[in-house]
Structures are given as structure tokens and as C-alpha cells.
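Structure first, commentary second.
The values are calculated or read from the model by the stated rules, or taken from the named source; none is laboratory data. Note that the structure is a prediction, hence the values are computed from the model and not measured. When we count neighbours, we look across all protein chains shown, and the Cβ atoms used for this are built from the backbone with ideal geometry, even at glycine. The accessibility values were calculated without ligands, DNA or RNA, using every heavy atom of the protein model including side chains. Shrake-Rupley method; radii C 1.70, N 1.55, O 1.52, S 1.80 Å.
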Amino acid sequence: MARAETSKGSIQRGNTLPNGDIYVGSFDGLVPHGPGKYMWTDGALYDGEWDKSKMTGRGLIQWPSGASYEGDFRGGFIDGAGTFKGVDGSVYKGSWRMNKKHGMGTMVYSNSDTYEGFWNEGLPDEFGKYTWADGNVYIGRWKSGKMNGSGVMQWINGDTLDCNWLNGLAHGKGYCKYASGACYIGTWDRGLKDGHGTFYQPGSKIPCNLEVSDCLTSHDGTSASSSSNEKITIGLLFLLQKLCKNWRLRRFLHRPRRISNGTTPVFDDNSGSHLCQDVSSKSFSADDQCLQDSEVDKDSVYEREYVQGVLIMEQPKNEDSRMSESGIAQENNWEKQAKGPMETIYKGHRSYYLMLNLQLGIRYTVGKITPVPLREVRSNDFGPRARIKMYFPCEGSQYTPPHYSVDFFWKDYCPMVFRNLREMFHIDAADYMMSICGGDSLKELSSPGKSGSIFYLSQDERFVIKTLRKTELKILLKMLPKYYNHVKAYDNTLITKFFGVHRITLKPGRKVRFVVMGNMFCTELRIHRKYDLKGSTQGRSTKKQNINENTTLKDLDLSYVFHVDKPWREALFRQIATFLLLFFLNILLSSFMIALDCMFLESQSIIDYSMLLGIHFRAPNHLKRITSCQNALESTGISAETECSVALHHEETISSKGFLLVAADEPGPAVRGSHIRGSMVRAAEGGYEEVDLVLPGTGRFRVQLGVNMPARARKVQEDVNVEVENRDTIEEYDVVLYLGIIDILQEYNVSKRVEHAVKSLKFDPLSISAVDPNLYSRRFISFLEKVFPEQD
């Protein structure tokens, strides 16, 4: 063993440790301190600085595999700025934290792909630029190693997609600008066009303000300046990294952690594999090439609708609507469309303090009622006097926490009743509070209802919160005992699920009443059409110029009938005359749910309710394959129509459906609908067994009455009673339905009787909405029987 005296009392020597590792360098007492080399028994070697037995400072470590790292260490970890060279030839240069890439850095992968940007725990995160070896580029937001958030994808052929992204796929509002000058503005779902959009031919006037992301680039005349902007953005990010490195700012932000000296440093390198080439290899221009190459007016603008990437509708856009969308109005329309039908409530929003008050109140009352042992409700649990009242001053009180909102009074109606209702629908109290009162803000629907009510959505979209008029609150509290018994007796009821009623009083005496309901459309599937169906005809249509993909359409707008499995239709409809008999046959109680629900509403003198119907269209699998085949062949100049029809003709008969039904007891997890209870429905197609719905490429879903119900939608003429005579021209789609009865808080009172009398002088008395509850119920059921006809 060599030994030499050095300054400041440190000793330079070599030593073989009991575990076989070898250290040569400076010691401070018995521990390595200062410059030195450490070799592990597995052949790994560290040459650099030590501090009290821990690798700290600059150093170089080499592994037996051939990988190496040179840069900063801290507390025994790779921490700071440094360069890692992998065995596969990949190189990362940038910031580290505790053996993981963290902060600004550049990764050159073994296949020559490059990522420049921010990292978090070893994965690309926040903002960054990914360049594929073939020249395609993505600049935008990342999350956990995947494109997530707003961003721009640029293909080497000149196409550009500016869109929101989710898990590496285009998902949400966006626009695609093609190298030819054409542009498509619309919606993407899991990487495929889905829903309504607008296609602009080359030379058409395109909206100017189209940026979805903050990093828009293009390949037109501004490409030079755009490229320069990219370099400036990335350059500024790396300048910040360099400053942090030179000034050693990171050492003030992280506390070293102790590791054993007898082990080789190991770090998680989750980013060693480059992104899948499929993410960037497909340009979005192929499916629009047919129209671009056809002989059409270069100034034409087309309205389109896609279903899972398959074009199902295309028509020239009305010239008047195009003129009305010119200039600033057109830009504002795009901004409104990009935001969607709702906006997250932010500080400074008109509803911000109201939201804070609501969240504080719900958190308080749910927390107060949850510890109380669950019991059956009593008569004194109902009515306006069954309530919890509390004052919430800003500075807090003996019973309430301090908060940043305004002082308010809180009233929670019938807390025990709604606690039991939440239990019925298997809603955990903690999940309920997190959904509505968690760290995320609520979302406000951009267009309030006809009644003037404002709607809010929880961030996870499980619950809808609606403001109530005073009369609606009174009706709800009056009918609550019968409502509770009805929901308890009939598991599969289609009536709106109520989970809480509250009132906030602000100074000087402004009162806002809320009801919390279940969201019928809480699903990962995209709802392509929404209908509000009452069964009346007067005023039950929507002006064409007001229709967009977020519009809830009405009775006269409905141009489809829906064929559902026979047992499912029987579960929706049953003759009311059999009501008394079926009271004694509990097994059949779910077999006439609409009739039962309407009879309940009729008994409460309720009118103006409607069936809210949501439709998710499925593209048949063979059409998806034809579309993929066409895209591939068109890019090579081969006739897509001829080749694809020959290749796929023999598969049409076995794969024409857009969904499959499998036995519910087969292995595999199924997604249940939110706040759903009751038994599953049985399908004739599945041998009258309980079934799950399998949507290829999407997932498996539990089928229950009104939730995840597969059906066949058939296009009809103007009237749902008239079907297309020529069956060769019948337009049919596989769909998934979501339905329920809403707006059940309007009594047939004096004002409605007057409305009926006045409107009857001008219109057919049977066509108006305000009619006797018995007539309303019969008309409602009769209309729905036409919408869901019996199959031949």
C-alpha cells in the first residue's frame, strides 16, 4: 500500500477494500476525500472528485458495457451537468438529478433521432423538439416521454399539423396545413380525424389566427423566419442551462443523499429507446389527396365529417356562412372552436369566487356527514328544514377554515338523503370531493341553457353542476321523497341522478342555488351527435347556421332511427297496462324503464322533460382498412379504388361491424359507466347472456340500460316515420348510444296552462310542449317508439 502526505492533512494512498473494490487517491481520515479513482469488482471505474466518501464534483465513470458518463456528481449521484454515452451509440448532453436526466438536455439516439428540450425523471417532459432521422419534426409539449398538450408536427413533405396531443397521438382541436396550400380545420381523436371539420382547397381564404400551440411553424414563404424562431427558442433554453451550469445554481436546490460506497452507481435510463417511427411516418395529407387532385373550384370550401378516420360526409360550405366568417369574425370563430364548448374557470373569471365557495361548502358538508353511520332515511330527512347551515368568513372560524374567497353563507339541503343516493350509485365520498373540490378548477359551459341556468363540469367530467331557479328548488324538494323511493326501487331508471342540492348566499343577499347531477356523457368515447327529444314538434328544430359539432339538436333535426337488440328494446319499452302485474315480478322491473319513469313523472305533474340522446358513430373495420389502403396506394400513384376493393372484398362479410359483443364473464377488464347501478342487459345476439361491448382499437365496455348500448343507426327521410324505400341506397352506421331523461323540474302549473291555451290558438294543441302530463307522457313514449322501431 502506497502512502504520501499531502496538504491540509489529507493522505494520498491506495487501498483494497474488504469487498474487493479498489480505491486509489486522497483520504480524509479513513474515508475518500479529494481526487481519486475507484474500481468496483464488476469492472466499473470512477475517476474524479470525492467529498467525505461520496462522489462529489467533476468526474468520469466508465461501465464494463462500454457506457460512460463525464460531468457533475453530487452526494454519490450523477447530479448536475454532464454527458452520457450509451452502449448503442446514443449520447445525452445536459442536466441530471439523482442519476436521472432532469432539466434541459439534448439526446441523440442510436438511430439518429434527436430530442432537445426539458426532461423530468429521465423522460422528455414539458417543452421540447424531437427530430426524426428522416427529417420530420415535432415541437411542443411533452408528458412522461410522450407528446402531450399543444404542439406542431412538421413532415418532410411540407405538411404541418398544429394540434393538441395525448399520449403521442393527435387528440383534440387542431388544423393541418398541406404542402399544396390546402388546409383542414377539425378534431382528432387518438390520431384519427373524428367529427366535423372544414377543408379549404389550395387558394381558398383560410382563417389567419389558427395557432393551437405556441410554437407554430410552417413550410411556406415564412419558413425561414419560423426556423429562425425555433432556433432562438431552443437557444434561449440552452443558454439558461449553461448559466445554471456555470453559476452552480443547482447545488443550492438539492440536498445530497447518501449511498453505499460498495456498489456501482446505477441510474434509470427510460429514454434510451427512440420514439416509434410510426408516430411521424404518416402524413395527414393522404386521405385528402383525392379531393385535392380532383377537378374542383380552387376556391371551394368543404364541410366534412369523419368517424375514426373515415370520411362519411362531405358537402360544399354555404357561401353565405363563408362570407359571415371572413376577417376578424372568422378568427374569433376559430378561437372559440379551439377552446371547445367549455372553459376552465380561472382566477379573475366571473364564476371564480362562486366556484371556490361551492367547493368549500361541499368539502365541509360531505366531510361532516360521511362519518355518520349509514342508515335508512326518515321522514324528517326530507324537506327544506332538513339542512346544514354554516357561515364561511374569509378569516375562518371555529368550524370553518380560512379561505381566499369572499364571505358567504352555505346551506346544504337533505344531506342524509343525498348521502344515501351517492351510496346507491357506489360513489365514494372521497372520490366525490376530489372530483368537485380537488386541486383542479371546474369547467363552465360556454352557452347556458334556455332557462338561463349555468352549467359547470367537474374536471374529470363525472358530475354536472347546474344553477336552479327558486321554483325548481321547491319542486325538487317536494318530489324528493317519491324520487328517492323510485330510484331505490328501480336500479335501471333513466331519470337524472341527483347527488346534492346546495345554496350560496352572498352579500348583500344574492342567492345562488345548485344541484349536482351525474353526467350522462362521461365516457372516453367521442359523442358525435347530441339530441334533446321531447316528442313535440312546435319549435323543435335548430337553425342550420347555428349548428356545429357542440350543438344539441332537437326532435325535427333527428334523421336516424335506431335498431337495438330485441331484449334491449323490450327493456326500454313495455305496455303501461302491464304495470300492476309487473309490480309483483321484480325480475321484470327493468323491462319497461321509460314507461315507469314517465309514470313517475306524470304522478308528480311534471312536463317539459326530454330524452337526452348521445350518439357515438363507429367506422366499420373494413372501411378503416380500405382507407389505410387508399392512403398507402395514393402516395405511390396507384389506383386505390381498384386495388383495395380486390384485396378487401372477401373480408367485408366478416368484419363489416364496428363493434363486437362478448360474454361478460370472459376474461378481460371492462369499463363501467360512471354512477351506474343495476343489472346488465342481456343480448339475443349473445345467446341472451349478459355481454360486454368491444370496440376494436378502443376498449371493452360494460353494457347497461342507457349506457354503452350498441345499435344500428339507419338514415331516414325528413320524418322518422318514413324510411328509404330502396334498400341499396340505405345509409347505416354502427353506433353506441347514451341516453337518459333530463329536465324533470317543471310542473304543469297555472303558467303552463296559460301557455297551452295561448299557443293552442295559433298552433296544433298536440304539437306544443306545454300539455297535460298524461298526454305529454303518452306522446313522449309514442315518439321514442318511432325512434327505436322494432326490427323486421
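Some points to look at:
- Across region 489-508, the qualifying residues are those that are open to solvent by 20 Å² or more (accessible area, probe 1.4 Å) and not in a strand (DSSP E or B), and the one among them that is modelled with the highest pLDDT is 497.
- Taken over region 54-79, residues that are open to solvent by less than 10 Å² (accessible area, probe 1.4 Å) and among the hydroxyl-bearing types (Ser, Thr, Tyr) amount to 1.
- Contacts under 6 angstrom Cβ, first residue in region 404-424 being assigned by the TED database to the domain that holds residue 389, partner open to solvent by 30 Å² or more (accessible area, probe 1.4 Å) and among the hydroxyl-bearing types (Ser, Thr, Tyr), 6 or more apart: 405/353; 406/353; 409/391
- Contacts under 7 angstrom Cβ, first residue in region 430-441 being farther than 16 Å from residue 354 by Cα and in the same structural domain as residue 371 (by the TED database), partner among the charged types (D, E, K, R) and surrounded by fewer than 16 Cβ atoms within 10 Å (Cβ to Cβ), 6 or more apart: 435/460
- Members of region 168-183 found to be in a strand (DSSP E or B) and either open to solvent by 10 Å² or more (accessible area, probe 1.4 Å) or not assigned by the TED database to the domain that holds residue 127 (or both), listed by number: 169, 171, 172, 173, 175, 177
- Which listed residue is outside any strand (DSSP E or B) and either closer than 24 Å to residue 459 by Cα or in contact with a helix residue (DSSP H, G or I) (Cβ under 9 Å, 6 or more places away or on another chain) (or both), from 397, 441: 441
- Scanning region 344-396 for residues that are within 30 Å of residue 175 (Cα to Cα) and either open to solvent by 90 Å² or more (accessible area, probe 1.4 Å) or not assigned by the TED database to the domain that holds residue 514 (or both) yields a count of 2.
- Residue in region 107-121 that is surrounded by fewer than 23 Cβ atoms within 10 Å (Cβ to Cβ), modelled with pLDDT under 90 and of a type in the set (S, T, N, Q) present: no
- Of all residues in region 775-792, those satisfying the criterion of being over 14 Å from residue 534 (Cβ atoms) and open to solvent by 60 Å² or more (accessible area, probe 1.4 Å) are 785, 790, 791, 792.
- Residue satisfying condition, being of a type in the set (A, V, I, L, M, F, W, C), at pLDDT below 90 and closer than 16 Å to residue 781 by Cβ, within set 562, 584, 579: 579
- Considering residues of region 16-55 that are part of a strand (DSSP E or B) and of a type in the set (D, E, K, R) only, the residue nearest to residue 97 (Cα to Cα): 54
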